[in-house]
Amino acid sequence: MRHRVGHRKLGRITPHRTALLRNLATALFERERIRTTLMKAKELRPFAERLITLAKRDDARLHARRMVLRDIHDPVIVKKLFDTLGARYTTRPGGYTRILRLGPRHGDGAEMAIVELIGSEYKPEVKKDKEKGKKGGKEQAAAGGAAAAPKKGGGSKREKAEATQE
């Protein structure tokens, strides 16, 4: 029975495991989204959320920064953590990360997952070239008259191809 067992050992000795969690947390704060195994992701979540909670502090800010610097050794990442990420989560009481399961890895069958910070979801940007192209097509159709305008509604592929050739 595994009653009151605190964490997963991940097949590593203690210094190796803490170094692994520190490196994963640094990569997570740098990229805001990383891909790793599910067990590492589940161990990373409380480790990273504790650091974000420290970054949200207003009262003992210097002490909190020094406590975070124990685990995150890159000062650029610590600055980002305190300035942007801490400010992003000021009103949120917890739950700063999300784990998305990806399925088994092809090589060894290990369950894979994506760990991402809430608020850094993938947002595809609308390309402005397509919008300009659509506006240009409407202007050309209006200048060419009704004959150049594409038909609205169904129509077959052949009819559409003939209409574009004219």
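Read the figures in this text as sums done on the coordinates, not as results from a lab. This is a predicted model, so every value here is computed, not measured. Cβ: placed from backbone, ideal geometry, glycine included. Neighbour counts: every protein chain shown.
One line per residue, one yes/no per condition, for (1) among the basic types (Lys, Arg); (2) farther than 26 Å from residue 6 by Cα:
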{"position": "49", "(1), (2)": "no, no"}
{"position": "79", "(1), (2)": "yes, yes"}
{"position": "82", "(1), (2)": "no, yes"}
{"position": "101", "(1), (2)": "yes, no"}
{"position": "109", "(1), (2)": "no, no"}
{"position": "115", "(1), (2)": "no, no"}
{"position": "118", "(1), (2)": "no, no"}
Self-check item: Set 101, 70: member being surrounded by fewer than 12 Cβ atoms within 10 Å (Cβ to Cβ) and in contact with a strand residue (DSSP E or B) (Cβ under 7 Å, 6 or more places away or on another chain)
Solution: 101
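Among 92, 35, which is surrounded by fewer than 17 Cβ atoms within 10 Å (Cβ to Cβ), outside any helix (DSSP H, G or I), touching a residue at least 60 places away in the same chain (Cβ under 8 Å) and not small (Gly, Ala, Ser)?
35
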Quiz item: Within the set of pairs 6+ apart or on separate chains, which have a first residue in the stretch 59-82 that is more than 16 Å from residue 23 (Cβ to Cβ), a second that is not in a helix (DSSP H, G or I), and C-beta atoms under 6 Å apart?
Solution: 64/57
Practice problem: Determine if the stretch 8-28 includes at least one residue that is assigned to a helix (DSSP H, G or I), of a type in the set (A, V, I, L, M, F, W, C), under 21 Å from residue 100 (Cα atoms) and without any contact (Cβ under 8 Å) to a residue 12 or more places away in the chain. | Solution: yes
